[in-house]
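*Asks:* Dropping a structure here in structure tokens format, bear with me for questions.
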Amino acid sequence: MSNHVWSARPSDFLRVGDGFRLEESDPDSTPGFRGDKRAGERELAARSDVLSDLQERLFAGSRAGEAKHAVLLVLQAMDTAGKGGIVRHVVGEVDPQGVELAAFKAPTPEELEHDFLWRVQKRLPQPGFIGVFDRSHYEDVLVGRVRQLAPAEEIERRYGAIVDFERRVAASGIRIVKVMLHISSDEQKERLAERLDRPDKYWKYNPGDIDERLRWDEYMDAYQAVFERTSTPEAPWYVVPADHKWYARLAVQELLIAVLEDIDPQWPGADFDIQVEKMRLAAT
């Protein structure tokens, strides 16, 4: 992290802690960052090399059979908050061979025959990989709660099931980074309007987004409940202000760098005699 542009590590001040209130988090803010948009874009480009190097080391361990860890980035947000931009501009800067992306939509008939965590379990990243969940099992306690798709007692059960599940996932060596991209209602309205004004954005527009906007306060309450019930030491939540796309991307990039630096992946050693191979190569 460049000390001249960050006042502290984003993982320290964006993390959900005791007493956190979503309503007190300003989606239009850029906490901890000392620069403007241009400085943020420069920092994003510069730190992409750091992220790429760490990810390559992690992935190299998987190819050598030495990897013990993986990273799971969980992205949750209201529509238009920028999940796709994170995937393209942050995760997209690393070797795609070492990335496993899962975009969870409405459950299929087969998935509905199983517990809500069944389909998620199957998409967890392998050792040495970065997994990305574009939406996740949290839809089952967000949309599920707001739309009353399950009884209240079932929603309550799911909070505990999620905590137990993530505890097991973390114990297996997968480091979990859960991010809520926090966009304001006004900013979402502008982004939806842009989709309606630009033919190249029509494909992104869903009329159902308006229906969800009408339940904005209910969704904010549902997110608050999620933070209170499922932000744990093994799988913390981070709330990232997202009205400024450049800031959200930069903050998520730093969260990934922090967890990879903590893992500290090393280049695997050679499993062959280097000098012998040099001589063999010279003789060709």
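The values are calculated or read from the model by the stated rules, or taken from the named source; none is laboratory data. These numbers come from a predicted model, not from an experiment. Cβ placement follows ideal geometry from the backbone for every residue including glycine, while neighbour counts extend to all protein chains displayed. Surface areas here come from the heavy atoms of the whole protein model, side chains and all, with no ligands, DNA or RNA. Shrake-Rupley method; radii C 1.70, N 1.55, O 1.52, S 1.80 Å.
*Asks:* Only one of these is assigned to a helix (DSSP H, G or I) and over 30 Å from residue 139 (Cα atoms): 60, 67. Name it.
*Replies:* The unique qualifying residue is 60.
*Asks:* Sticking with this one: When the residues of the stretch 151-168 are filtered to those that are open to solvent by 70 Å² or more (accessible area, probe 1.4 Å) and among the charged types (D, E, K, R), which remaining residue is farthest from the chain's Cα centre (by Cα)?
*Replies:* Initially, the stretch 151-168 is screened for residues open to solvent by 70 Å² or more (accessible area, probe 1.4 Å), giving 151-153, 156-157, 164, 167-168.
Filter again for among the charged types (D, E, K, R), leaving 153, 156-157, 164, 167-168.
Numbers: 153: 28, 156: 24, 157: 24, 164: 20, 167: 17, 168: 19 Å.
Looking at the filtered set, the residue picked out is 153.
*Asks:* Only one of 193, 235, 242 is more than 18 Å from residue 146 (Cα to Cα) and touching a Leu at 6+ places or on another chain (Cβ under 7 Å). Can you tell me which? Please lay out each step first, then the result.
*Replies:* On the way: 193 fails: touching a Leu at 6+ places or on another chain (Cβ under 7 Å); 235 fails: touching a Leu at 6+ places or on another chain (Cβ under 7 Å).
Going through 193, 235, 242 in turn, just one is more than 18 Å from residue 146 (Cα to Cα) and touching a Leu at 6+ places or on another chain (Cβ under 7 Å): 242.
*Asks:* Please return the ranges of helices (runs of 4 or more DSSP H) entirely within the stretch 153-267 where 2 or more residues are β-branched (Val, Ile, Thr).
*Replies:* The qualifying helices (runs of 4 or more DSSP H) are 216-230, 245-263.
*Asks:* Something else about it: Within the stretch 265-279, track down each residue that is within 13 Å of residue 63 (Cβ to Cβ) and open to solvent by 90 Å² or more (accessible area, probe 1.4 Å).
*Replies:* Listed by number, the residues that qualify are 267, 271.
*Asks:* Quick one: residue 136 ticks every box in (1) within 17 Å of residue 181 (Cβ to Cβ); (2) at pLDDT below 95 except a single one, so which number is it?
*Replies:* If we test residue 136 against (1) within 17 Å of residue 181 (Cβ to Cβ); (2) at pLDDT below 95, just (2) comes out false.
*Asks:* For the stretch 72-91, give me each residue that is over 12 Å from the mean Cα position of the chain (by Cα) and open to solvent by less than 20 Å² (accessible area, probe 1.4 Å).
*Replies:* 78, 80, 81
*Asks:* Restricting to the stretch 122-145, name every residue that is assigned to a helix (DSSP H, G or I) and either open to solvent by less than 10 Å² (accessible area, probe 1.4 Å) or not hydrophobic (A, V, I, L, M, F, W, C) (or both).
*Replies:* Answer for the stretch 122-145, where residues must be assigned to a helix (DSSP H, G or I) and either open to solvent by less than 10 Å² (accessible area, probe 1.4 Å) or not hydrophobic (A, V, I, L, M, F, W, C) (or both): 139, 140, 141, 142, 144, 145.
*Asks:* OK, next. I'd like to know if the stretch 190-203 contains one or more residues that are small (Gly, Ala, Ser) and open to solvent by less than 40 Å² (accessible area, probe 1.4 Å).
*Replies:* no
*Asks:* Residues 26, 53, 18: which one is modelled with pLDDT of 95 or more, of a type in the set (Asp, Glu) and either assigned to a loop (DSSP other than H, G, I, E, B) or open to solvent by less than 10 Å² (accessible area, probe 1.4 Å) (or both)?
*Replies:* So the residue among 26, 53, 18 that is modelled with pLDDT of 95 or more, of a type in the set (Asp, Glu) and either assigned to a loop (DSSP other than H, G, I, E, B) or open to solvent by less than 10 Å² (accessible area, probe 1.4 Å) (or both) is 26.
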